[in-house]
Amino acid sequence: MSSRLEGVKEVLYVLLGGVLYAGLNLIPVLGPLTVGAMIGAASRGGLRRGFKLGVASGVLGCIFFGIGLLRLDFLGATGLGAAAIILLAWVLLFWNVVGVLSCGLGAAAGVMLKEFSQTYDSFLRRGSKSRGEPVVYRICPVCNEGTADEKGFCVKCGNAAA
């Protein structure tokens with residue numbers, strides 16, 4: 001049940017990210033990076049999963065953006081107007097390819113920032129404990145990554161701690 005709930009959350013993150021991407025895509029690079037960072041910080045899992053969720057959000061946002069452009073009815077243009085529309089379409093295609101990759105990189109950065117903040121918070125909490133108290137680690141049965149027991153999930157693959 002837990003993995004099903006996580007899957008539903010990820011789909012919702014991608015949908016929300018797609019909608020945000022469609023609007024923030026007009027801000028060069030920074031808009032998609034921001035959307036990706038939000039998706040990465042909200043997701044569970046490692047860099048690879050965060051990057052994939054960011055790219056999926058960017059692709060979905062690109063589709064939403066394209067549907068919005070088609071609703072403007074540029075396709076009825078002829079002559080010089082048609083050439084300008086074709087040029088604009090190529091520029092927007094390149095813009096969105098860069099935007100989708102920026103969204104994926106932003107998601108990976110969001111995952112890294114989330115992991116850093118969790119590690120830093122646990123470091124601060126441990127600093128108040130006695131110096132000789134050991135830290136308990138669990139080994140993930142899926143990817144064999146060692147993760148501090150207090151996290152509750154594997155930082156590499158996102159598997160819930162047993």
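A short reminder: the numbers here are calculations on the coordinates, not readings from a lab. Predicted model, so just to flag it, every value in this text is computed and none were measured. Counting neighbours? That spans all protein chains shown, and the Cβs are built from the backbone with ideal geometry, glycine included.
Taking the highest mean first, how do the peptides 5-17, 28-40 order by number of other beta carbon atoms within 10 angstrom per residue? Before the final figure, lay out the partial values.
Values: 5-17: 15.9, 28-40: 23.1.
Packing order, densest peptide first, comes out as 28-40, 5-17.
Remark: spin-label model distance residue 87-residue 148 equals 5.6 nm, labels positioned 7 Å along the Cα→Cβ axis. Each Lys or Arg adds one and each Asp or Glu takes one away; over the other residues whose Cβ falls under 10 Å from the Cβ of residue 10, this sums to +3.
Between residue 120 and residue 67, 0.36 nm times their residue separation minus their Cα-Cα distance comes to what?
14.8 nm
So what's the net charge close to residue 51: Lys and Arg +1, Asp and Glu -1, counting the other residues with Cβ under 15 Å from its Cβ? Neighbourhood net charge equals +4. Geometric descriptor of the stretch 1-50, per residue, is 59 Å³ (volume of the convex hull of the Cα atoms). Under 19 Å from a label point set 7 Å out along the Cα-to-Cβ vector of residue 16, the amide N atoms of the stretch 95-116 belong to 103-115. Using Cα-only point scatterers and the Debye equation, what is log10 of I(q)/I(0) for the stretch 2-128 at each q in 0.09, 0.15, 0.18, 0.22 Å⁻¹, rounded to two decimals? For the stretch 2-128 at q = 0.09, 0.15, 0.18, 0.22 Å⁻¹, log10 I(q)/I(0) is -0.32, -0.70, -0.88, -1.10.
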